[in-house]
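Just below is one structure, and these are the notes that go with it.
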Ligand code: SF4
């Protein structure tokens, strides 16, 4: 990103906070240890999940897991951004990326993006009963082939197989989440941290609808106008 020679300091417009919460790095561990952040504030972007690239603005599969501060509701705006007063409610204890970001010069931020990222396995104790469920989704619902599967949907000769593969993944993803919730009864606010976004929600962004009947989901392509 080019440097702007006019702007030299943050005027707290808050625009950066409306574009999504920061990813967490090892340097942010104390925020969790000191309860400045808790797990309900977080969302996991699983390895392979498409996210918008900082440099190109296009969706690209993540190379490793990312734990971020959640957006508000279905929006990207960081949950700690208070729109009325355009202020960060945890400003004194904001994560590394927020303290490095200067919108007029993103070099410092770019130097840390994708490096020394925290993952769920750094945050949750290995003996926690949620861990086997997290591993089950990671192993049985790999997102690393998602880009190829989405691309296969656009070709007539591979569309049916790709839909069948994605349908299997969506049902597996939902079954593991349901089993974890039935056994452990955790707050639903933790689901996005434990498991990331359900696959059917990710697919909806790519024009794929999910229909549920008798506990089983089927997928179809949303007809284009
Ligand atoms: S933590 Fe604060 S500074 Fe960082 S994105 Fe959220 S509101 Fe903005």
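How many residues does the stretch 61-105 hold that are on the phi > 0 side of the Ramachandran plot and within 16 Å of the chain's Cα centre (by Cα)?
Looking only at that region, the number is 1.
Any residue at all in the stretch 50-60 that is touching a helix residue (DSSP H, G or I) at 6+ places or on another chain (Cβ under 8 Å) and over 30 Å from residue 166 (Cβ atoms)?
no
Restricting to the stretch 26-47, count the residues that are closer than 11 Å to residue 97 by Cα and in contact with a strand residue (DSSP E or B) (Cβ under 6 Å, 6 or more places away or on another chain).
Summing the residues that are closer than 11 Å to residue 97 by Cα and in contact with a strand residue (DSSP E or B) (Cβ under 6 Å, 6 or more places away or on another chain) in the stretch 26-47 gives 0.
May I ask you to list the residues in the stretch 146-163 that are in a helix (DSSP H, G or I) and more than 20 Å from the chain's Cα centre (by Cα)?
Passing the criteria: 151, 152, 153, 156, 157, 158, 159, 160, 161, 162, 163.
Just for strands (runs of 3 or more DSSP E) wholly inside the stretch 37-138: which have at least 2 residues that are surrounded by fewer than 18 Cβ atoms within 10 Å (Cβ to Cβ) and away from the ligand (no atom under 14 Å from the Cβ)?
Numbers: elements: 42-45, 50-52, 59-61, 66-69.
So the answer is 50-52, 59-61.
Does the stretch 213-225 contain at least one residue that is under 26 Å from residue 60 (Cβ atoms) and part of a helix (DSSP H, G or I)?
No, that holds for no residue.
Let's see how each residue does on (1) under 30 Å from residue 149 (Cα atoms); (2) in contact (Cβ under 8 Å) with a residue 40 or more places away in the chain; (3) out of contact with any strand residue (DSSP E or B) (no Cβ under 7 Å at 6 or more places or on another chain):
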position	(1), (2), (3)
7	no, yes, yes
72	yes, no, yes
80	no, yes, no
101	no, yes, yes
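For the stretch 111-131, which residues satisfy the criterion of being under 19 Å from residue 35 (Cβ atoms) and in contact with a strand residue (DSSP E or B) (Cβ under 9 Å, 6 or more places away or on another chain)?
118, 120, 122, 123
Any idea which of (1) surrounded by 12 or more Cβ atoms within 10 Å (Cβ to Cβ); (2) within 15 Å of the ligand (Cβ to nearest atom); (3) modelled with pLDDT under 95 is the one residue 13 doesn't satisfy?
Every listed condition holds for residue 13 apart from (1).
The values are calculated or read from the model by the stated rules, or taken from the named source; none is laboratory data. Remember, predicted model here, so these are calculated numbers, not experimental data. Quick reminder, even Gly has a Cβ in these numbers, built from the backbone with ideal geometry, and neighbours come from all protein chains shown.
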